[in-house]
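All remarks here apply to the structure that follows.
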Amino acid sequence: MCVNHAEPLHQDPPASSTPSSSAPSSSIRIGPLTIDHRRSIAAVGREVLVLTRSELDLLLYLYGRPDRVVPASEIVACVLRAAGADANARFHVWNLRRKLSLAGVPSDAVVKTVRGKGYTVELTAQE
């Protein structure tokens with residue numbers, strides 16, 4: 001069920017998102033959000049967000065699949081690595097959006113819901 005399940009969740013960002021300098025960055029940007037995947041932190045501006053491992057993994061999983069909508073069932077199996085209802089994925093997305101909103105990021109500026117299909121990240125979201 002998991003797409004590219006063998007790949008680690010905490011990996012270097014895709015080549016297209018790294019600067020062309022000789023030393024690749026450990027940070028990725030999703031709209032106003034910056035994620036340092038090597039240090040496992042996310043920030044909006046200078047405000048570091050307190051995210052759970054599951055919330056950070058969710059962001060990185062969606063970021064690694066920019067051209068597709070990821071169903072909730074795949075999030076449960078591949079990100080949360082649990083057997084359970086899609087409501088489990090919805091809860092994690094809801095909580096992540098809540099934390100982003102508290103940092104001043106509109107609730108759907110980063111993680112988008114595609115009704116009846118699943119979730120995707122908005123890579124072109126404006127700051």
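The values are calculated or read from the model by the stated rules, or taken from the named source; none is laboratory data. Fair warning: this is a prediction, and the values are worked out from it, not measured in the lab. When we count neighbours, we look across all protein chains shown, and the Cβ atoms used for this are built from the backbone with ideal geometry, even at glycine.
Points to keep in mind about this one:
- Filter pass, VAL69 being more than 13 Å from the chain's Cα centre (by Cα) and modelled with pLDDT of 90 or more: no
- Per-region count, the stretch 80-125, residues within 17 Å of ALA42 (Cα to Cα), under 16 Å from the mean Cα position of the chain (by Cα) and touching a residue at least 60 places away in the same chain (Cβ under 8 Å): 8
- Assessment of the stretch 46-53 against the conditions (more than 24 Å from SER26 (Cβ to Cβ) and either touching a residue at least 60 places away in the same chain (Cβ under 8 Å) or part of a strand (DSSP E or B) (or both)) yields no matching residue.
- Odd one out for SER16 among (1) under 14 Å from the mean Cα position of the chain (by Cα); (2) at pLDDT below 90; (3) outside any loop (DSSP other than H, G, I, E, B): (1)
Every residue, every condition in (1) surrounded by fewer than 15 Cβ atoms within 10 Å (Cβ to Cβ); (2) in contact with a Gly (Cβ under 8 Å, 6 or more places away or on another chain); (3) in a helix (DSSP H, G or I); (4) β-branched (Val, Ile, Thr), yes or no:
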{"site": "CYS78", "(1), (2), (3), (4)": "no, no, yes, no"}
{"site": "GLY84", "(1), (2), (3), (4)": "yes, no, no, no"}
{"site": "ASN88", "(1), (2), (3), (4)": "no, no, yes, no"}
{"site": "HIS92", "(1), (2), (3), (4)": "no, no, yes, no"}
{"site": "ASN95", "(1), (2), (3), (4)": "no, no, yes, no"}
{"site": "LYS99", "(1), (2), (3), (4)": "no, no, yes, no"}
{"site": "VAL105", "(1), (2), (3), (4)": "no, yes, no, yes"}
{"site": "GLY116", "(1), (2), (3), (4)": "yes, no, no, no"}
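- Conditions (1) over 14 Å from the mean Cα position of the chain (by Cα); (2) in contact (Cβ under 8 Å) with a residue 12 or more places away in the chain; number of the one not met by ILE75: (1)
- Within the stretch 42-76, tally of residues that are β-branched (Val, Ile, Thr) and crowded, with 17+ Cβ neighbours inside 10 Å: 4
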